[in-house]
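Please read the structure below before turning to the comments.
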Amino acid sequence: MKLLQVDATTVEMPQPQPKPTSVTGQVESSISVWADAVTDTGVWECDPGEFTADRSGATEVCHIISGSGRVVGEDGVSADIGPGTLLVLPRGWRGTWFVTETIRKTYVMVGA
């Protein structure tokens with residue numbers, strides 16, 4: 001099996017595209033590093049604004065590389081996020097991201 005590696009802080013991202021769940025017209029970009037039938041890993045970036053997220057079908061584990069914001073679940077539980085934050089959105093989580101400074105993160109989606 002081949003070893004896969006990228007520098008998440010400097011990897012060149014594809015041209016940003018409109019974020020489908022954005023409330024404020026954000027754009028996002030992502031690059032997949034590895035995926036199989038159950039897991040997807042990569043680097044994602046999104047500009048400031050507000051968007052909804054639904055993790056009904058998978059658990060997301062992400063590590064914030066740069067940027068800042070707040071994530072608020074439908075249950076009202078919130079977390080401030082910034083560089084170094086490890087965030088787990090368990091299967092079934094739904095809520096809203098409020099991005100105050102362009103966020104770049106690595107992610108692992110399990111059960112997608």
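The values are calculated or read from the model by the stated rules, or taken from the named source; none is laboratory data. Note that the structure is predicted; figures quoted are calculated from it, not measured. Quick reminder, even Gly has a Cβ in these numbers, built from the backbone with ideal geometry, and neighbours come from all protein chains shown. Each accessible area value is taken on the protein alone, full model and side chains, heavy atoms only, with ligands, DNA and RNA left out. Shrake-Rupley method; radii C 1.70, N 1.55, O 1.52, S 1.80 Å.
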What are the residues in region 55-95 that are open to solvent by 40 Å² or more (accessible area, probe 1.4 Å) and in contact with a Leu (Cβ under 7 Å, 6 or more places away or on another chain), if any? Arg55, His63
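Among the listed residues Glu28, Glu12, identify the single one that is loosely packed, with under 14 Cβ neighbours inside 10 Å and among the charged types (D, E, K, R).
Step by step, each of Glu28, Glu12 is checked, and only Glu12 is loosely packed, with under 14 Cβ neighbours inside 10 Å and among the charged types (D, E, K, R).
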Within region 34-54, take every residue that is without any contact (Cβ under 8 Å) to a residue 40 or more places away in the chain and in a strand (DSSP E or B) and give me the one that is least open to solvent (accessible area, probe 1.4 Å). Ala35
Within region 96-109, is even one residue over 20 Å from Thr10 (Cα atoms), open to solvent by 40 Å² or more (accessible area, probe 1.4 Å) and aliphatic (A, V, I, L, M)? no
Residues that are within 12 Å of the chain's Cα centre (by Cα) and under 17 Å from Ser30 (Cβ atoms): does region 90-99 have at least one? yes
Name the pairs whose Cβ atoms lie under 8 Å apart, with the first residue in region 14-30 and free of Cβ contacts under 8 Å to residues at least 12 places away in the same chain, the second open to solvent by 60 Å² or more (accessible area, probe 1.4 Å), and 6 or more positions between them or separate chains? Pro18/Gly25
I need the full set of residues from region 80-100 which are outside any loop (DSSP other than H, G, I, E, B), out of contact with any Asp or Glu (no Cβ under 6 Å at 6 or more places or on another chain) and among the charged types (D, E, K, R), in order please. Asp80
Mind checking which residues of region 57-79 are at pLDDT 95 or above and either in contact with a helix residue (DSSP H, G or I) (Cβ under 7 Å, 6 or more places away or on another chain) or small (Gly, Ala, Ser) (or both)? Ala58, Ser66, Gly67, Ser68, Gly69, Gly73, Gly76, Ser78, Ala79
